[in-house]
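Data block below; observations after.
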Amino acid sequence: MVIAIETAELQKLRFRGEYDPETWYKKMDVVTNGNHAYLVLIDNRRHDLDNTKYFMALMKGRPGDPGKNGKSAYDLAVEYQGFNGTVLQWLASLRGAQGIQGAPGQLNGLVTDLSVASYPDADAVTSKNIYALDGVQKNLPRSDVTKSFMLVLANSAGDTVTQLWFDPVNVELYIRAKSGENWSDWRWITLWN
């Protein structure tokens, strides 16, 4: 919140002049910083003027004149790189050759690729995470799906685990749980109208 106060009114308050971070300020003091004025809300020293716990903006200086428009990236390419062509030709020149396909990664840092070679049995997947499976694991509800996803919810000991397995080919969802050493059977939980 910004409150406009005339300079003459500032003089009536406990006006302390230009802000100095080394000065100790008391509640209700008023300090300036360039064309801005601030009311001290809590006794303090060395706090940033933008910290609204300690300061409240009272007034801000007038906005400056609008600046001139700068050059476009196309104009700079013509001027400094000697580009000779239209804007559309310049835009087309920015696109490079097709790169090689990258390795599978995580979806927003959430989905982890799980190697079926390292984890051939779904019973061994007990760490909480979201996994992308490439291949068929033992103990999944279907053996004809080679690409799928699994969400694992687990306690820190890994002895209470819930697995949700999604088959994107058939658009089906299954669930099972482990308590101690025993896994429940998979249950098909997809419901369609």
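Derivation of every value follows stated rules applied to the coordinates shown; laboratory data play no part. Values in this document were obtained by computation on a predicted structure and should not be read as measured data. Neighbour counts are summed over all protein chains in view; Cβ atoms, including those assigned to glycine, are modelled from backbone coordinates with ideal geometry.
Dipole check for the chain: with +1 at the C-beta of Lys and Arg, -1 at the C-beta of Asp and Glu, and the Cα centre as origin, the magnitude is about 540 Debye. Report the one residue of 153, 131, 28 whose Cα lies farthest in the direction of the positive end of the charge dipole of the chain (charges on C-beta: Lys and Arg +1, Asp and Glu -1; origin at the Cα centre). Of the candidates, 28 comes out farthest on the positive side. Among the lysines of the chain, pairs at least eight places apart or on separate chains and with Cα atoms under 24 Å apart come to 15.
Calculate how many DSSP beta bridges within the stretch 109-193 are antiparallel, expressed in % of all such bridges and rounded to the nearest 5. Around 80 percent antiparallel, to the nearest 5. Within the stretch 114-137, whose backbone N sits under 14 Å from a point 7 Å along Cα→Cβ of residue 160? Under 14 Å, as judged by backbone N against the label point of residue 160, lies no residue of the stretch 114-137. Quick one, which of [x] 1, 5, 5, 6, 5, 4, 4, 3, 3, 3, 3, 3, 3, 3, 3, 3, 4, 4, 5, 5, 5, 4, 3, 2, 1, 1, 1, 1, 1, 1, 0, 0; [y] 1, 6, 10, 9, 7, 4, 3, 3, 5, 7, 11, 12, 10, 7, 3, 1, 0; [z] 1, 7, 12, 13, 12, 10, 9, 10, 10, 8, 5, 2, 0 is the actual P(r) over Cα pairs in 5 Å bins from 0, in percent calculated for this model? Computing P(r) over Cα pairs in 5 Å bins from 0, in percent and matching it to [x] 1, 5, 5, 6, 5, 4, 4, 3, 3, 3, 3, 3, 3, 3, 3, 3, 4, 4, 5, 5, 5, 4, 3, 2, 1, 1, 1, 1, 1, 1, 0, 0; [y] 1, 6, 10, 9, 7, 4, 3, 3, 5, 7, 11, 12, 10, 7, 3, 1, 0; [z] 1, 7, 12, 13, 12, 10, 9, 10, 10, 8, 5, 2, 0 gives [y].
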